[in-house]
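Asks: Sharing a structure here in structure tokens format.
The values are calculated or read from the model by the stated rules, or taken from the named source; none is laboratory data. These numbers were taken from a predicted model, which means no experiment stands behind them. Cβ atoms come from the backbone with ideal geometry, glycine included; neighbour counts cover every protein chain shown. What goes into the accessible areas is simple: the full protein's heavy atoms, side chains included, and nothing from ligands, DNA or RNA. Shrake-Rupley method; radii C 1.70, N 1.55, O 1.52, S 1.80 Å.
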Amino acid sequence: MKNAAPTKTIDAPIPSLAEVGLEGFAPYLMNRIMGRYNASVRDDLAAVDLTTPKMRILAVLSVEDGLMVNELSVFAVAEQSTMSRTLDQMEEAGWIQRRADEKDSRARRIYLTAAGRHRFEQIWPALSAAEARMFKGISPRDRAHFMATLITMLHNIRVNPI
């Protein structure tokens, strides 16, 4: 068997953030956009006694009800410690219900109650309007491409199978 000659590569220097610029660095832009989105709905959330983590949990459960806590943490983008405290508060408010998993009684699934669904429906128009403002002036075609790109990016960096 012949040994292949090692290939010589020239590593190009990585440009500094100053050279790239903040507006050329996608993570910065994504964080800034989400920060502005969250700020734009903060008053609407407060009016119905919600925080951003509670809103995210209600939103996820309105689409994917009956998730395990670890799954809900991934979808709602919340740390496990924050999730536990938040779920306690939401259960106390009557917005969610914890039930034993049918296959593993030690595990708990989280379900949206009628009150929780109603609370989410109260805030949904404000969330939808804030999203519409973000996409103002962007064609449906460009929006579809952007959404497909975001999904690809999520798959590229995710560490969980969900």
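Asks: Suppose R0 equals 30 Å. What FRET efficiency, 1/(1 + (r/R0)^6) with r the Cβ-Cβ distance, do GLU131 and GLN97 give to the nearest 0.05?
Replies: 0.60
Asks: At most 15 other Cβ atoms within 10 Å and a DSSP loop assignment: could you name the GluC sites (Glu not before Pro) in region 1-106 that fit?
Replies: Loop-located and lightly packed - GLU64, GLU79, GLU102.
Asks: Based on Cβ point charges of +1 for Lys and Arg and -1 for Asp and Glu, what charge dipole magnitude is obtained for the chain about its Cα centre, in debye rounded to the nearest 20?
Replies: Roughly 340 debye, rounded to the nearest 20.
Asks: By accessible area of protein heavy atoms, probe 1.4 Å, what ranking do SER62, SER81 get, highest first?
Replies: The most accessible residue leads, giving SER81, SER62.
Asks: Under a plain spin-label model, where a point goes 7 Å from the Cα along Cα-to-Cβ, how far apart in nm are LEU29 and ASP88?
Replies: Roughly 4.1 nm, to one decimal.
Asks: Need one value: the accessible area of TRP124 in square angstrom, 1.4 angstrom probe, rounded to the nearest 10.
Replies: Accessible area of TRP124: about 130 Å².
Asks: Sticking with this structure for a sec: Which one is right for this structure if Rg and Dmax of the Cα atoms in Å is calculated from it: (i) 21.1, 73; (ii) 16.0, 52; (iii) 16.3, 57?
Replies: Read-out from the structure maps to (i).
Asks: Rank these residues by their accessible area, most exposed first, probe 1.4 Å: VAL60, VAL77.
Replies: Final ranking, largest accessible area leading: VAL77, VAL60.
Asks: At a 1.4 Å probe radius, which order do SER73, SER40 fall into by accessible area, largest first?
Replies: SER40, SER73
Asks: Is region 1-95 rounded, prolate or oblate when judged by the Cα gyration tensor, a ≥ b ≥ c being the square roots of its eigenvalues, rounded requiring a/c under 1.5 and prolate requiring a/b larger than b/c?
Replies: Oblate shape, in that a/c is at least 1.5 and b/c is the bigger or equal ratio.
Asks: Excluding ASP65 itself, calculate the net charge of residues whose Cβ lies under 13 Å from the Cβ of ASP65, where each Lys or Arg counts +1 and each Asp or Glu counts -1.
Replies: Spelling it out: positives minus negatives among the neighbours equals +2.
Asks: Hey, another quick one. Normalised by the number of residues in the chain, what is the relative contact order in percent for Cα pairs under 8 Å and 6+ residues apart?
Replies: 20 percent
Asks: At what distance in angstrom do the alpha carbon centres of region 31-97 and region 141-158 lie from each other?
Replies: Spelled out, the Cα-based centre of one part sits 23 Å from the other.
Asks: Let me ask another. Where only protein heavy atoms count, and the probe is 1.4 Å, what is the accessible area per residue for region 54-111 in Å²?
Replies: Here the residues of region 54-111 average 58 Å² of exposed surface.
Asks: Still on this structure: Would you kindly find the accessible area of PHE75, with a 1.4 Å probe and non-protein molecules such as ligands, DNA and RNA excluded, rounding to the nearest 10 Å²?
Replies: 90 Å²
Asks: A follow-up question, please. Could you compute the longest span of the chain free of trypsin sites (Lys or Arg not before Pro) located in DSSP loops and having at most 14 other Cβ atoms within 10 Å, not counting the site residues?
Replies: 9-102
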